[in-house]
Amino acid sequence: MGLAKSAGQEQRAAPEQLGELHGARLAGGYPPAQIGVAPAPGNPRSGPSRSSLPRVERCGTRAARFEGSANAFPPRIARDNPSSEMTQAPAVPARCTREVQSFYEAYPYPSERSPMLRSGFCLRRVLSMGSLSREPGRTLQVLDAGCGRGVGLVTCASLHPDATVLGVDICERSLQDAREEIARRGLSNARVQALDLSTLAGLEVPAGGFDVIYSSGVVHHLEDPMGALAKLREVLAPGGVLVIMVYGTIGRLEIKRVARTLKAWLAPGLTIEEKLEAARFLVQGLAKGDADECPWQAAASLADAEFVDRYLHPQETDYDIPGFFDLIEGAGLAWLQWCNPEAWSLAGHLESGPLRDSIEALPLRERLSAIEQIRAPKNLQAFAVHPENSARTLPPPKQWRETLFAANPEVHFAVGRRNLWRSSRIENVAFAKRAAEPVDLEAGCTTEAGLILSTQNEPFRGAALIEALKVAGYDEAQALEGLRELLRLELIYSPHEVELT
Ligand SMILES: C[S@@+](CC[C@H](N)C(=O)[O-])C[C@H]1O[C@@H](n2cnc3c(N)ncnc32)[C@H](O)[C@@H]1O
């Protein structure tokens, strides 16, 4: 509707309006530039007063070296000269760690280095999930614990030029690849460090701890995953969020069957390269048909790094729901929510009715265990926080005018603009999240809102977008519906007020 109107209007535009048309307005026009920086409530210049914010513990005033402690909250950090520690050689790792280390030196993970493939790298959106906000005025500090070849940390650093991102790993070959990628992209806010996550010895901890810690596919390869997670908890800022991914037991039953079979068939004493060659030969012989139906075919289609990681790993643990909650809580953390809630939804898998209702009425863990059996996720990916933190809920729509919103930097907009004779027309607005294919926004208010968002790099109050949509011909209810849709699609999120400081 809006698009049809806009096409007509733009075609009638006079040549002297070209300046405006450069912004290619939709029906009724909208502010062609940004809809404005959101002033903090009650204080347009300096943001919210500290007293209005949730309490945030300070745990240091300058960078420090990790010393480790049994059960510290807030993070307990030794005040030493951090720079001298940075150059200190890591202690000799334990036997299991050495085995894992040489495994990854042979096959650095992943095989594909292109970033933007991973989800969950909108830092302020991640932080907005918890009710505690971070300390005002601090640079955002991020740790990628077990960064591998740096796919996640490069994505994160390039989406957040204002954040400092540190990647640590025990595999020197992976770190070298990450360093090269950081240099190739000119990312001055990212760096890497060789370090054993079993001890964290030598880790330079920023004052106040890390705001976001990523650990994707790592702690399940350690001898003591819970102990390593507890150490990460010690360096997590009080309002910080730890993003963890570990293997799921139920979803990996087929993978484990193949892995067990290969291990049983392979002669003992082979090097990892020899194991791979022999395993490839066996898998090739058994692979047939569709990878979804034949686990051997699924194995045959993998690149070397993913193949060995999945089927020939010397050390791994997997988790069902009770085991996963034990891991998180045993490390002194609290589960906040899944990173991929759609994978834990019954919609589309179970008709609505008494069975679905009874599953949805179960207490949290029982419900998740039931869904785990039905949906069998291969990985468990969750946000975890200090137990003092909790889930933050978005205010109801009637308060959205005053609510702070921001565009998700993981979203790439594609505006389909056609230049006509002395006028132009916008024919569609599409968005792509991460590496996914672009999706057209539904014509109407959502498209109009998407078009506004496509040039919006400042946080804004809901009222600014609602008013812009009203100028474009939509009423308040339609504008609120548009906002709801943008939130549902994760094109926008509501950051903590502290982000304005
Ligand atoms: C499956 S890869 C995941 C890499 C990266 N997180 C990603 O998602 O692309 C596991 C990584 O954990 C690292 N790792 C394993 N044990 C480690 C340890 N004790 N200390 C530090 N890194 C370790 C490995 O070197 C490897 O790079």
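Rule-based calculations on the coordinates, nothing more; no lab input. No experiment lies behind these values; they were computed from the predicted model shown. Cβ: placed from backbone, ideal geometry, glycine included. Neighbour counts: every protein chain shown.
Take the alpha carbon gyration tensor of segment 206-342, find the square roots of its eigenvalues, order them as a ≥ b ≥ c, and report rounded if a/c is under 1.5; if not, report prolate when a/b exceeds b/c, else oblate. Cα axes put segment 206-342 in the prolate bin. Protection proxy ranking for 120-126, 246-252, 369-375, using the average of other Cβ atoms within 10 Å per residue and placing the highest first: 120-126, 246-252, 369-375. For Leu236, the amide hydrogen comes within under 5 Å of the amide hydrogens of Phe210, counting only partners 5 or more places away or on other chains and with H modelled in the peptide plane. Of the GluC sites (Glu not before Pro) found in segment 330-369, those in coil by DSSP whose Cβ has at most 12 other Cβ atoms within 10 Å are Glu351. Under 5 Å from the amide H of Gly416 lie the amide H atoms of Glu427, Asn428, Val429, Ala430, each residue being 5 or more positions distant or on a separate chain, with H modelled from the backbone and absent for Pro and chain starts. Projected label points at Leu355 and Cys96, each 7 Å from Cα along the beta carbon direction, are separated by 4.0 nanometres.
For the peptides 399-411, 265-277, residues were scored by their other Cβ atoms within 10 Å and the scores averaged per peptide; the highest-first order is 399-411, 265-277. Extension gain for Leu266-Glu293 works out to 7.3 nm (0.36 nm per residue, less the C-alpha to C-alpha distance).
Here segment 375-501 is treated as an ellipsoid with the same Cα gyration tensor; its semi-axes, largest first and in whole Å, are 29, 20, 13. Assuming charge only on the beta carbon of Lys and Arg (+1) and of Asp and Glu (-1), the dipole of segment 250-311 about its Cα centre is about 320 debye to the nearest 20.
Once backbone amide H atoms are built at 1.01 Å from N, Tyr214 has Leu143, Asp144, Ala145, Val243 as its partners under 5 Å, excluding neighbours fewer than 5 places away on the same chain.
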